[in-house]
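One structure is given here, and the rest of the page talks about it.
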Amino acid sequence: MQLQDVSVLITGGGSGLGAATARAMAAKGAKVAVLDMNKDNAEAVAAEIGGVACVGDVSEEAPVQEAIAKAEAAHGVIRVLVNCAGIGAAAKTVGKNGALPLDQFSRVIKVNLIGSFNCIRLVAERMQSAPPIGEERGVVISTASVAAFDGQVGQAAYSASKGGIVGMTLPVARDLASLNIRVMTIAPGLFLTPLLKGLPEEAQKSLGAQVPHPARLGDPSEYAMLAVHIVENPMLNGETIRLDGAIRMAPR
């Protein structure tokens, strides 16, 4: 699918990987709607790319439905969904203060995993109503993490949420195949997102040195490049691609 004049919804599009993808797809001629919890960030990115800003929690049905309606009113039926919204909270299963509070674990699962599925199911429902463009009606890209495979100390909740995204990629692709909708997942390694940008430069360099090649932190534009390629390559379906410079995370 070519991105020119195609309606795109990007969750978590106000910063980091999502913002980079919004810019890259807009540069290809896509009509992009940015959904983010941070209103200022969503509006800033949307203004920069000539898109639409939406605000809401991806794990709740009502705000996602509202975002879909707003995006489609401006750009037509959504053809590409990119799930970049997510949270992380480092905490051991049993730490100094006892067992990990269940609500903390549940919140990460709700936003990262249930939020991704929530957006997929609601957008795919709309995609099915659109006429095919060539061989397909739409493309879904979700964001996992190398933590899905190499979870570190304190990453039980985060790794579980991202592992769930990996695990549902193939069955959802199979579910939606009859509707001519492709489903893919990207599992990034160490990328220079807002979280890592907050670290001292020496800490950033130290993390980047752990990557075999290239020995640096990934740039969000490199995630965006892959997301664009996935949309444009019709044989990519039902798979998770590690985008990590061959890193395999140590326990800590």
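The values are calculated or read from the model by the stated rules, or taken from the named source; none is laboratory data. Since we're looking at a predicted model, the values are computed, not measured. With ideal geometry, Cβ positions are generated from the backbone for all residues, glycine too; neighbour counts draw on all protein chains shown.
Yes or no: the range 169-188 includes at least one residue that is more than 30 Å from Val6 (Cβ to Cβ) and either touching a helix residue (DSSP H, G or I) at 6+ places or on another chain (Cβ under 7 Å) or surrounded by fewer than 20 Cβ atoms within 10 Å (Cβ to Cβ) (or both). No, that holds for no residue.
Residue-by-condition table, conditions (1) small (Gly, Ala, Ser); (2) in contact with a Ser or Thr (Cβ under 6 Å, 6 or more places away or on another chain); (3) under 25 Å from Ala90 (Cα atoms):
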{"position": "Arg126", "(1), (2), (3)": "no, no, no"}
{"position": "Ser129", "(1), (2), (3)": "yes, no, no"}
{"position": "Phe149", "(1), (2), (3)": "no, no, yes"}
{"position": "Val172", "(1), (2), (3)": "no, no, no"}
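Of all the listed residues (Gly76, Gly18, Gly29, Gly50), the sole one being surrounded by fewer than 16 Cβ atoms within 10 Å (Cβ to Cβ), touching a Ser or Thr at 6+ places or on another chain (Cβ under 7 Å) and farther than 18 Å from Gln155 by Cβ is Gly76.
To keep it simple, each residue is scored yes or no on (1) touching a residue at least 24 places away in the same chain (Cβ under 8 Å); (2) within 30 Å of Arg252 (Cβ to Cβ); (3) crowded, with 18+ Cβ neighbours inside 10 Å.
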{"residue": "Cys84", "(1), (2), (3)": "yes, yes, yes"}
{"residue": "Ala90", "(1), (2), (3)": "yes, yes, no"}
{"residue": "Asn97", "(1), (2), (3)": "no, yes, no"}
{"residue": "Ile109", "(1), (2), (3)": "yes, yes, no"}
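The range 1-116 holds no strands (runs of 3 or more DSSP E) entirely within its bounds that carry 3 or more residues that are within 16 Å of the chain's Cα centre (by Cα) and of a type in the set (Ser, Thr, Tyr). In the range 133-252, counting only strands (runs of 3 or more DSSP E) that sit wholly within it, the ones holding 3 or more residues that are at pLDDT 95 or above and among the aliphatic types (A, V, I, L, M) span 138-143, 181-188.
Does Leu113 fit the bill of being more than 22 Å from Val231 (Cβ to Cβ), exposed (fewer than 13 other Cβ atoms within 10 Å of the Cβ) and of a type in the set (A, V, I, L, M)? No, not satisfied. Arg121 fulfils the conditions (1) farther than 22 Å from Asn237 by Cβ; (2) without any contact (Cβ under 8 Å) to a residue 60 or more places away in the chain except for a single criterion, (1). A count restricted to the range 131-147 and to residues that are more than 18 Å from Arg248 (Cα to Cα) and out of contact with any Ser or Thr (no Cβ under 8 Å at 6 or more places or on another chain) stands at 10. If you go through the range 1-57 and keep only what is of a type in the set (Ser, Thr, Tyr) and farther than 24 Å from Gly218 by Cβ, you end up with just Ser7.
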